[in-house]
Amino acid sequence: MDRWAEKVGVPGRLRPAGVPYVVHCDVSQSPGKRIPAIFFRTEGGGEPVRDWLKTGLSAEDRKRIGHDIMTVEYGWPVGMPTCRPLEGGVYEVRTNLSQNRIGRVLFYIDKFGRMVLLHGFIKKTRRTPAGDLSLARGNKKKHERGLP
């Protein structure tokens, strides 16, 4: 048996003379998401981040935020400028929006390795507002207690 047949897993087949080794790669089979994103769901069934995206932002801004979330999903761990750790296991996805605005989506990684989107807002000050961070931490605790 030819070493080529062993490499391609075809026992007993011989590589024809003059045929070079060829490696086929199917780019449609990309490695996939490292941490799939899910929306935090409240006791009443609401999804705060999804609601904020649908009602408070333009289509272009939603697209930019979605792209940055996707960057984190496929490239985790991701550092600055796209993603930054805050405190207590909460991270932020940082997105530059139209009209010189800055969007933030706060998330954490749950025990199943999912990116749980906890809270979204438009940043107006240099620091992450304490109210927004405490809301995200509260949503994280609720999710950890067993909400889907």
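Starting from the range 65-148, pick out the trypsin sites (Lys or Arg not before Pro) whose DSSP state is loop and whose Cβ has at most 15 other Cβ atoms within 10 Å. Mind dumping the intermediate values first?
Values: sites: Arg94, Arg101, Arg104, Lys111, Arg114, Lys123, Lys124, Arg126, Arg127, Arg137, Lys140, Lys141, Lys142, Arg145; in loops: Arg101, Lys111, Arg114, Lys124, Arg126, Arg127, Arg145.
Passing sites in the range 65-148 are Arg101, Lys111, Lys124, Arg126, Arg127, Arg145.
For the range 44-148, which whole percent of the accessible surface, found with a 1.4 angstrom probe, sits on carbon and sulfur atoms?
On the way: 3090 of 5900 Å².
About 52 percent, which is the carbon plus sulfur part of the accessible surface.
What accessible area per residue, rounded to a whole number of Å², is obtained for the range 81-139 using a probe radius of 1.4 Å?
Working: 3050 Å² over 59 residues.
That works out to 52 Å² per residue.
Mind checking which lysines have their C-alpha under 27 Å from Lys33, skipping anything on the same chain fewer than 8 residues away?
The reachable lysines, counting only those whose Cα sits under 27 Å from Lys33, are Lys54, Lys63, Lys111, Lys140, Lys141, Lys142.
Would you list Thr42, Thr95, Thr125, Thr55 from the most to the least accessible area, probe 1.4 Å? Each step should come with its number before you reach the end.
Numbers: Thr42 45, Thr95 5, Thr125 80, Thr55 120 Å².
Greatest to least solvent exposure: Thr55, Thr125, Thr42, Thr95.
What list of ³J(HN,Hα) couplings, whole Hz, do you get for the range 35-42 from phi and the Karplus terms 6.51, -1.76, 1.60, once you set θ to phi - 60° and write x for glycine and proline?
Here the 3J(HN,Hα) series is 9, x, 8, 10, 8, 5, 10, 6 Hz.
Hey, got a sec? Which GluC sites (Glu not before Pro) in the range 32-119 land in a DSSP loop and have at most 12 other Cβ atoms within 10 Å?
Answer by residue number: Glu43, Glu87.
Near the amide H of Trp76, under 5 Å away, which other amide H atoms are found, from residues 5 or more places off or on another chain, if H is placed in the peptide plane?
When sequence neighbours closer than 5 places are left aside, the close amide H contacts are Arg34, Ile35.
The values are calculated or read from the model by the stated rules, or taken from the named source; none is laboratory data. Small disclaimer: the values here were computed from a predicted structure and weren't measured. In this analysis, Cβ positions are derived from the backbone assuming ideal geometry, glycine residues included, and neighbour counts consider all displayed protein chains. Ligands, DNA and RNA are excluded from the accessible area calculation, which covers all protein heavy atoms including side chains. Shrake-Rupley method; radii C 1.70, N 1.55, O 1.52, S 1.80 Å.
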